[in-house]
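The values are calculated or read from the model by the stated rules, or taken from the named source; none is laboratory data. Here the structure is a predicted model, which means the values were calculated and not measured. All Cβ positions, even for glycine, are placed from backbone atoms using ideal geometry, and neighbour counts span all protein chains on display.
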Amino acid sequence: MATLIVERRAGKIAGYNVQWYDGKKRFTIHLGGKRYSKKTAERFKRIIEALLYYRRNGISIPDKSDEHWLTNAPVELKAKLAKAGLIVVDEAKTCQMLWDTFLKFKAMEVKPNTLKSYQDSMTRFYEMFQPSESITSITPEQLLEWKASMQDDYAESSIITYMSKLKSVFRWAVDQDWLTKSPARNLPRSGSRNREHDRFITMEEYRNLLDACPTQEWRVIVALARIGGLRCPSELRQLRWKDVDWEQNRFLVHSPKTERSEKHSYRLVPLFDELREELDKSDKTTEFVLQSYQGTNWSLYEPFQEIAERSGVGRIICPFRNMRRSRSNEVADRWGARKESLWIGHSEDVMEKHYRMHLDDDFSTC
């Protein structure tokens, strides 16, 4: 039998522990109270008891209700059960596995030019996502952010092609039972800018976001995006402490998105006071400014939304794009279009087409 233990901190429920003893070893699985309700924890305990019963009695086909629960259980809970040896979980399919297998399959049935268009879409996809990232972790919101990030540097016709090919790849994954549903199924193919997603993030909101950040690294992420105007995650990922010139009050930004042009493979950005303040408080003994995120899939969208909700700002569609866009407008208004182009890292035409916002202050003197 398993036991459900309520974990309390400062008088509040912090989570639930499910414990059992198999005769040789005691096992404990922790469920965080913020993510899982008591009802879910009790159901999880009953599932564990059922799995222990099945194992003791050599039953390979579980009850239908238990089988349904296991099929639809969150990946995190399946991983906990697998680690405890109660179930066997299929190997997680990564982005690299998806693209490699799909392209190998397509190479046998499409013409070379069509295959190249899929390969180009894969290259664009990897500008935001990591090859090692699990395909089950990719959300529609992340894909929307990826689509919006391409509007700086690619023609609308190209973006439409990339989106169309991506949809085909994820539909194929569903057909292969690698996914239950495609995260790209409702994503619009159009490459044009959707102004409904524009959101100017004020400095007051910026400070509220900083106060809600759980770590100093997260404060730096928000500062680099909102004050430095960096692309996320590509430019944040590569930033090293050796790129920061404290004496000259500026830092070097390597830009994978524009590196195909030698003149635009990097740019120099001022160490704005608000940004310098956050970098000053950071650990500078590491190689990268954001060291703990190296080697990870950089899934920042949902953690940021939790910060935004906690800060009172509320959820923001395309948050990193909108923080960069907000800084672009501030720099253009204060220092002019030329410096905006140099510091934010795109042409003046791109700024006017994709970054310029119409704000209430624009009409205050009319």
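With the structure loaded, tell me whether S60 is hydroxyl-bearing (S, T, Y), touching a residue at least 40 places away in the same chain (Cβ under 8 Å) and at negative phi or whether it fails that test. Write out each step before concluding.
Details: hydroxyl-bearing (S, T, Y): yes; touching a residue at least 40 places away in the same chain (Cβ under 8 Å): no; at negative phi: yes.
Against the criterion (hydroxyl-bearing (S, T, Y), touching a residue at least 40 places away in the same chain (Cβ under 8 Å) and at negative phi), S60 does not qualify.
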Inset, instruction - Just give me the residues in the range 80-112 being surrounded by fewer than 14 Cβ atoms within 10 Å (Cβ to Cβ) and either modelled with pLDDT under 80 or touching an Asp or Glu at 6+ places or on another chain (Cβ under 8 Å) (or both), in sequence order. - result: V88, V89, D90, E91
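Specify which of the listed residues (L210, L166, L230) is outside the structural domain of K116 (by TED's automatic domain parsing) and either in contact with a Gly (Cβ under 6 Å, 6 or more places away or on another chain) or part of a helix (DSSP H, G or I) (or both).
L210
For A79, indicate whether it is in the same structural domain as Y54 (by TED's automatic domain parsing) and among the hydrophobic types (A, V, I, L, M, F, W, C).
So A79 passes the test.
Regarding the range 115-130, can at least one residue be identified that is hydroxyl-bearing (S, T, Y), not in a helix (DSSP H, G or I) and not assigned by TED's automatic domain parsing to the domain that holds I316?
Yes: the range 115-130 contains one or more residues that are hydroxyl-bearing (S, T, Y), not in a helix (DSSP H, G or I) and not assigned by TED's automatic domain parsing to the domain that holds I316.
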Inset, instruction - Looking for whichever is under 23 Å from E133 (Cβ atoms), in contact with a strand residue (DSSP E or B) (Cβ under 6 Å, 6 or more places away or on another chain) and free of Cβ contacts under 8 Å to residues at least 60 places away in the same chain here; the options are K45, K104, K80. Which one fits? - result: K80
Legend entry - Residue within the range 28-39 that is surrounded by 15 or more Cβ atoms within 10 Å (Cβ to Cβ) and over 32 Å from the mean Cα position of the chain (by Cα) present: no
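Please verify whether E330 is surrounded by fewer than 21 Cβ atoms within 10 Å (Cβ to Cβ) and over 22 Å from R199 (Cβ atoms), treating the condition exactly as stated. Steps first, answer last, please.
Working: surrounded by fewer than 21 Cβ atoms within 10 Å (Cβ to Cβ): yes; over 22 Å from R199 (Cβ atoms): no.
Answer is no for this residue.
Could you tell me whether the range 20-35 includes any residue that is assigned to a strand (DSSP E or B) and of a type in the set (K, R)? Don't jump to the end; show me each part of the working.
The first filter runs over the range 20-35 and keeps only residues assigned to a strand (DSSP E or B), leaving 20-21, 26-32.
Subsequent filtering for residues that are of a type in the set (K, R) retains 26.
Yes - at least one qualifying residue is present in the range 20-35.
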Inset, instruction - Would you tally the residues in the range 54-65 being surrounded by 15 or more Cβ atoms within 10 Å (Cβ to Cβ) and in contact with a Phe, Trp or Tyr (Cβ under 9 Å, 6 or more places away or on another chain)? - result: 1
